[in-house]
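Novice: Structure provided below as structure tokens; questions to follow.
Since every read-out is calculated from the coordinates, none of them should be taken as a lab result. All of these numbers come straight from a predicted model, not from anything done at the bench. Virtual Cβ from ideal backbone geometry, glycine too; neighbours counted across all protein chains shown.
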Amino acid sequence: MRIVILGAGAMGKLFGARLALDGQSVVMVDVDADTLKQIARDGLRLTADDGDHQVKVEAERAEDLRPGADAVVVFTKAQHTVAAVRSIAHAIGPNTCVLTLQNGLGGAERILSVLPGADVAVGTTTWPADAKAPNHVSTHGAGEIRFWSHDGVDRESLQRLDAALAAAGLASRLDPQVQVVIWEKVIFNSVMNPVAALTRCTVGEMADSPDCLPLTESILQEAFAIARKAQVPVDEARVRKTLAHARESHRPHKPSMLSDVLAGRTTEVDAINGALAKRAEALGVQAPVMQTISRLVRMIKRENLSR
């Protein structure tokens, strides 16, 4: 398959390297010219539990991408989705499966606003990835991918992409109930990411704070109420278990929203807490904490970008 990876961040590099190592034709697309230059020159380097790997891949600017992609995997930040997908629209045909594994809610809708009627799939992944250099990524431990078509229809393009991801060792599986998994991840992120961004705390520092638990509980209660009203059967106990595991096992970790704030980048708060707050308003659910958290993170973003 010819697979375009849209966004050469840590996750994009991990997926690109794994797919290329398995023999797929991979094209990395990004807006950073230096990243593309280094990938084109040296290939992708992957450091993983099974060793250190180097693999050649193509690296293209969006405007240079030729038509005929069999699949596109979208790894841009949520707020950059529309512009990124528009930039490669010429490479997407009627049989191209466009898979979003991005954080937050609304990824498929953003893609379809640019490509109405496209073959769009939605999913989530638990693979860890840490960018070490423009062409180098590391990963340790295990992860998985779960995805399904946005419209609920099984297609050959969906099956082919799933088979390619699974063959590359990425533990992919098709799951018609993937929306539940997506919501559970969004709720997890709605707790960990904005609180870290606002307090500048690592996961362990948040866990040790006596103020964190009641704040976490307020966010969770609102998020669970929104999910119930939206008729998404999230497993509340599973979300709590995932949060507890993160507090115990990922103590030095800086959640991505904190990393974005520290770097002065825009955050994905509108696709996470902001999206939940909008759903709450539409459904008639009171969510004052979710709304306040969203506004506070947006204020930090504006402050950093104005410096």
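Novice: Which residue, chosen from Val234, Ala207, Ile88, occupies the Cα position most advanced towards the positive end of the dipole of the chain, where the dipole is computed from +1 (Lys, Arg) and -1 (Asp, Glu) charges on Cβ about the Cα centre?
Specialist: Positive-most Cα among the choices belongs to Ala207.
Novice: While we're on this one: Please check: in the Gaussian network model of the chain (C-alpha springs, under 10 Å), which one of Thr124, Thr199, Thr47 has the largest mean-square fluctuation.
Specialist: Thr199
Novice: Nothing charged except the Cβ atoms of Lys and Arg (+1) and of Asp and Glu (-1): what's the magnitude of the dipole of the chain about its Cα centre? Round to the nearest 20 debye.
Specialist: 560 debye
Novice: Rank the residues Lys37, Lys278 as a footprinting-exposure proxy: fewest other Cβ atoms within 10 Å of their Cβ go first.
Specialist: Placing the least packed residue first, the sequence is Lys37, Lys278.
Novice: Using DSSP, restrict attention to beta bridges with both residues in the chain and report what percent are antiparallel, rounded to the nearest 5.
Specialist: 30 percent
Novice: Here's a follow-up. Students often get this wrong, so check it: of Lys13/Lys241; Lys56/Lys77; Lys241/Lys278; Lys13/Lys229, which have C-alpha atoms separated by over 31 Å?
Specialist: Violating the 31 Å limit, Cα to Cα: Lys13/Lys229.
Novice: While we're on this one: For the chain, what does -39500 (n - 2.57) per DSSP helix run (n ≥ 4), summed and divided by total residues, give at 222 nm, in deg cm²/dmol to the nearest 500? Don't skip to the end; give the middle numbers.
Specialist: Numbers: 12 runs with 145 residues, N = 307.
Rounded to the nearest 500, it is -14500 deg cm²/dmol.
Novice: Fewest first, what order do His136, His53, His245 take by the number of other Cβ atoms within 10 Å? Can you show the working numbers first?
Specialist: Working: His136 20, His53 15, His245 10.
Final ranking by Cβ density, sparse to dense: His245, His53, His136.
Novice: Shifting gears a bit: Among Leu6, Cys97, Gly141, whose Cα projects farthest towards the positive end of the dipole of the chain, with charges put on the beta-carbon of Lys, Arg (+1) and Asp, Glu (-1)?
Specialist: The one lying farthest along the dipole's positive direction is Leu6.
Novice: How high is the relative contact order of the range 90-233, given as a whole-number percent (alpha carbon pairs under 8 Å, six or more residues apart)? Write out the running numbers ahead of the final one.
Specialist: Working: 164 pairs, mean separation 26.3, N = 144.
Once divided by the residue count of the range 90-233, the mean separation gives 18 percent.
Novice: Here's something else I'd like to know. Quick one: compute the contact order of the chain, relative version, from alpha carbon pairs under 8 angstrom and 6+ residues apart, as a percent.
Specialist: Relative contact order for the chain comes out at 15 percent.
Novice: Just to be sure I follow: if Rg is taken over the C-alpha atoms of the range 176-307 and Rh is the Kirkwood radius over the same atoms, what is Rg/Rh?
Specialist: Working: Rg = 14.3 Å, Rh = 14.9 Å.
With Rh from the inverse mean 1/r over Cα pairs, Rg/Rh is 0.96.
Novice: With a ≥ b ≥ c taken as the square roots of the eigenvalues of the C-alpha gyration tensor of the chain, please select rounded if a/c is under 1.5 and otherwise prolate if a/b is larger than b/c or oblate if it is not?
Specialist: The shape class here is prolate.
Novice: I need the calculated FRET efficiency for the pair Met1 and His140, taking r as the beta carbon distance and R₀ as 30 Å, to the nearest 0.05.
Specialist: That pair, Met1 with His140, gives E of 0.65.
Novice: Looking at the range 62-170, which trypsin sites (Lys or Arg not before Pro) are in a loop (DSSP not H, G, I, E or B) and have at most 16 other Cβ atoms within 10 Å?
Specialist: Numbers: sites: Lys77, Arg86, Arg110, Lys132, Arg146, Arg155, Arg160; in loops: Lys77, Arg155.
Qualifying residues, ordered by number: Arg155.
Novice: Note down the net charge around Val289, summing +1 for each Lys or Arg and -1 for each Asp or Glu among other residues with Cβ under 14 Å from its Cβ.
Specialist: Residues close to Val289 contribute a combined charge of -3.
Novice: Let me spell out the model: positive unit charges on the Cβ of Lys and Arg, negative unit charges on the Cβ of Asp and Glu, origin at the Cα centre of the range 2-175. What dipole size does that give, in debye rounded to 20?
Specialist: Taking the Cα centre of the range 2-175 as origin, the dipole is about 240 debye.
Novice: Any chance you could give the angle, 0 to 90 degrees and rounded to 10, that helix 288-305 forms with the longest Cα principal axis of the chain?
Specialist: Around 60 degrees separate the two axes.
Novice: Give me Trp183, Trp127 ranked fewest to most by other Cβ atoms within 10 Å of their Cβ, as a rough exposure proxy.
Specialist: Ascending number of Cβ neighbours within 10 Å: Trp127, Trp183.
Novice: Give the separation of the Cα centroids, the range 229-291 to the range 39-109, in Å.
Specialist: So the two Cα centres are separated by 25 Å.
Novice: Hey, if you put +1 on the Cβ of every Lys and Arg and -1 on every Asp and Glu Cβ in the chain, which of Leu220, Ala244, Ala164 ends up farthest toward the positive end of that dipole?
Specialist: Final value for the positive-end residue is Leu220.
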